[in-house]
Each structure stands twice: as C-alpha cells, then as structure tokens.
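Chemist: One structure follows; several queries about it will come next.
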Amino acid sequence: MNISKRHVTGWQLAMSYSVLAIITLCAPVMADAQQAVLNLYTARHYSTDEALYANFTKTTGIKLNRIEGGEDALFERIRAESANSPADVFITVDIGRLWQAEQVGIFAPVRSAVLEARIPPHFRDPAGGWFGYSARARMIVYDKSEVKPGDINDYEDLADARWQRKVCVRSSGHPYMLSLIASIMVHNGEANTETWAKSLVANLARPPKGGDTDQILGVAAGQCAVAVVNQYYFVRLMRSTKPEDRAAIAKLGVVWPNQKNRGTHMNISGGGMLKHAPHREAAVKFLEYLASDEAQSYFADGNNEWPTVASAKINNPALQSLGTFKQDTLAMAKIGAQQSSAQKVADRAGYR
Ligand code: FE
C-alpha cells in the first residue's frame with residue numbers, strides 16, 4: 001500500500017511538473033495569441049484606409065481582420081451577435097450613431113492616458129466609450145450667380161424669408177441633420193429651434209431628398225440657392241476626375257456658418273472597444289494607434305476630414321484650400337443626448 005501510494009504520488013508529481021512545464025512554455029505563446037489578432041467592424045470604406053491598417057500590423061505585429069458594412073447593418077450585427085461577437089472595435093460615423101451605440105451598452109469604457117491627452121475632451125465620451133478620430137463640418141454652399149458673400153452667415157439665416165423656396169436640405173431623419181438640429185437646440189433652446197425649423201421648411205425649394213452630394217448638385221443645377229452639407233462631399237467633388245463635378249463646384253461658394261458667434265457645427269467619425277471584445281489589449285492598442293500622428297493623417301485624408309489630434313499633419317490641398325475657420329466646441333456628448341428631442345422638434349415643424 002505504502003509503496004503503491006509512493007509510486008502514485010511520484011507519478012502525480014511527475015505529471016504536475018510536465019503540466020507546469022507545458023503551461024510555462026505555453027504562457028508567452030498564449031499571451032501572444034491573445035494579442036496577435038484584432039477584429040474590426042467598420043462603417044468606413046475608403047481606399048486610403050488600407051495603408052492605415054497595414055501600418056498598424058507593421059508597427060504592432062497584430063493581424064487585423066476587418067469587416068466593412070453600412071453603419072446601421074454593422075450596429076445591428078453587433079447587437080445580434082451579442083456576447084458571441086468576434087468584434088473588438090466598432091468604427092462608425094456621426095455622433096448620433098456613436099451615442100445610440102453607447103446608449104444600448106455595446107461599448108466597454110476605455111481609460112487611456114494616450115487617448116485622453118491627444119483627443120480634445122469635446123470629441124470623446126467622458127466615460128471612455130467612444131473616441132472621435134476625425135472631424136467634419138456642416139457648411140453652407142451657395143450659388144455664386146445668385147448669392148453674394150455675406151448674404152448668408154449663420155444656420156439661423158436659413159429661416160429668413162429672403163430664402164423662400166431657395167433652400168435644399170436632406171431629410172431630418174438622417175443623423176447629420178439631427179445632430180445639427182440638436183446643436184442648435186443646445187445653443188438656442190427647444191422653442192426657438194422649433195420656430196427656426198418651421199421657417200426652414202417654409203423655405204425649402206423641394207421636399208428633402210437624397211444625400212449631401214445631391215444637395216450640392218441641386219444648387220449647381222439652379223434648383224436651390226443654398227444648401228447645408230458636410231464639407232467632405234464638397235471636397236470629394238473638388239477632387240473628382242469627372243469634368244462635370246468640377247464644373248458644378250466652380251459655380252459654388254462656401255460659408256463657414258456662425259463665425260461671429262459660436263462657430264460652425266462639427267461632427268465626428270469615431271469608435272470604441274466593444275463590451276464583449278475578445279482581444280481587449282489589442283483593441284486598446286488599435287484605439288491608441290488611431291490617435292497617432294501618422295494614423296490621424298491617413299484616417300482624416302481618406303474622407304477629406306480633419307484630424308481631431310492637433311499635432312497631426314494634413315496633406316490635402318483641396319481640403320486646405322477651404323481655409324481655417326472657427327469651430328463650435330460644443331461637446332459631442334451633448335449633441336448625442338439631444339438626438340431624440342431633435343427628431344421630435346423636426347416632426348412638429350413638419351420637416352420630414
Ligand atoms: Fe457622410
């Protein structure tokens with residue numbers, strides 16, 4: 001009995017040592033395997049983003065698997081996959097969508113000294129759920145044959161009776177318009193914003209339809225005199241290889257709204273780490289990488305946007321030709337919080 005017991009004990013001991021040896025040997029390998037992959041779900045799909053991702057793998061050794069899709073489709077996919085989702089990071093556009101994602105709890109808060117130092121506070125979630133990596137401005141474009149510089153200065157002016165049947169905008173249901181309305185609500189109050197929205201509707205040249213590019217082309221075609229659009233759609237047409245696009249742009253002037261008061265309404269493209277992210281360390285590394293000077297340039301130039309990190313360089317002559325302007329520094333989180341109220345204001349104003 002004693003011998004047998006000793007024998008068993010010795011065997012168990014030997015086993016323990018081998019298991020320990022295997023664990024010890026494997027530990028660094030397993031840790032590497034944990035960090036070696038990052039699964040990204042992104043609503044951005046620009047050719048220049050390729051270099052952005054390749055550079056991440058080159059500098060960190062982390063393989064990047066990317067799934068691209070529409071903003072809403074990816075959001076729904078993450079929700080449906082829930083705890084089984086392989087996604088580590090979700091990138092989308094507009095604070096309206098980031099806010100919605102935050103509200104349903106798909107992001108995991110990230111505390112990062114790098115991100116907090118590099119991204120201005122108004123372009124990120126105070127709780128660390130999402131970070132804004134590029135900025136876009138909602139500007140006014142006008143028909144130079146009909147409108148002179150100084151004729152229209154602020155978003156508030158779009159409600160002026162002088163622009164009756166002269167204004168083109170996309171529908172109120174789109175986050176770009178909801179975010180603009182939300183920002184006006186924060187600055188001017190709900191009642192004033194509703195009055196403004198009613199007058200805006202009265203000034204529409206046609207029922208809201210199409211995207212921002214359609215509004216730009218509508219002004220160029222003489223269907224309206226002024227329109228509200230994100231700057232990158234304008235810059236995209238400036239850089240277009242199609243002569244008709246550049247001919248359209250040549251007819252147009254641009255206004256950075258609200259320069260003598262709060263500044264032009266800004267929005268962001270951004271993302272965050274997901275609650276069920278399987279590769280959390282890699283996810284934080286990727287979020288920090290996106291805030292590096294090099295990544296910022298790729299990230300923003302890919303869609304003719306501005307980096308949110310001040311030290312990042314821009315190399316985009318078309319975008320830079322639009323000049324510098326005063327930006328509204330209203331916190332994105334405050335704009336996000338007003339999304340549903342903004343939709344109600346638009347509905348009451350008859351803005352579809
Ligand atoms: Fe867009």
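Since every read-out is calculated from the coordinates, none of them should be taken as a lab result. Please read these numbers as outputs of a predicted model, since none were measured by experiment. Neighbour counts run over all protein chains shown; Cβ positions are idealised from the backbone, glycine included.
Chemist: Are there any pairs with C-beta distances below 7 angstrom linking a residue in segment 231-248 that is under 12 Å from LEU217 (Cβ atoms) and in contact (Cβ under 8 Å) with a residue 60 or more places away in the chain to a residue that is within 16 Å of the ligand (Cβ to nearest atom) and of a type outside the set (S, T, N, Q), with the two at least 6 apart or on different chains, and if so which?
Modeler: PHE234/VAL141; PHE234/ILE216
Chemist: Continuing with this model, one more query. Filter segment 80-97 down to residues that are part of a helix (DSSP H, G or I) and under 27 Å from SER183 (Cβ atoms) and give me whichever is nearest to the chain's Cα centre (by Cα).
Modeler: If we take residues in segment 80-97 being part of a helix (DSSP H, G or I) and under 27 Å from SER183 (Cβ atoms), then ILE95 is nearest to the chain's Cα centre (by Cα).
Chemist: Let me ask you something else. Among the numbered criteria (1) touching a helix residue (DSSP H, G or I) at 6+ places or on another chain (Cβ under 8 Å); (2) surrounded by 20 or more Cβ atoms within 10 Å (Cβ to Cβ), which one does LEU74 miss?
Modeler: All conditions are met except number (1).
Chemist: Please go through segment 288-336 and pick out each residue that is within 16 Å of the ligand (Cβ to nearest atom) and part of a loop (DSSP other than H, G, I, E, B).
Modeler: Listed by number, the residues that qualify are GLY302, ASN303, ASN304, GLU305.
Chemist: Please give the strands (runs of 3 or more DSSP E) falling wholly within segment 155-274 in which 2 or more residues are away from the ligand (no atom under 15 Å from the Cβ).
Modeler: Qualifying strands (runs of 3 or more DSSP E): 252-255, 266-273.
Chemist: Return the only residue of PHE107, PHE56 being among the aromatic types (Phe, Trp, Tyr) and more than 16 Å from the chain's Cα centre (by Cα).
Modeler: None of the other options fit; the residue is PHE56.
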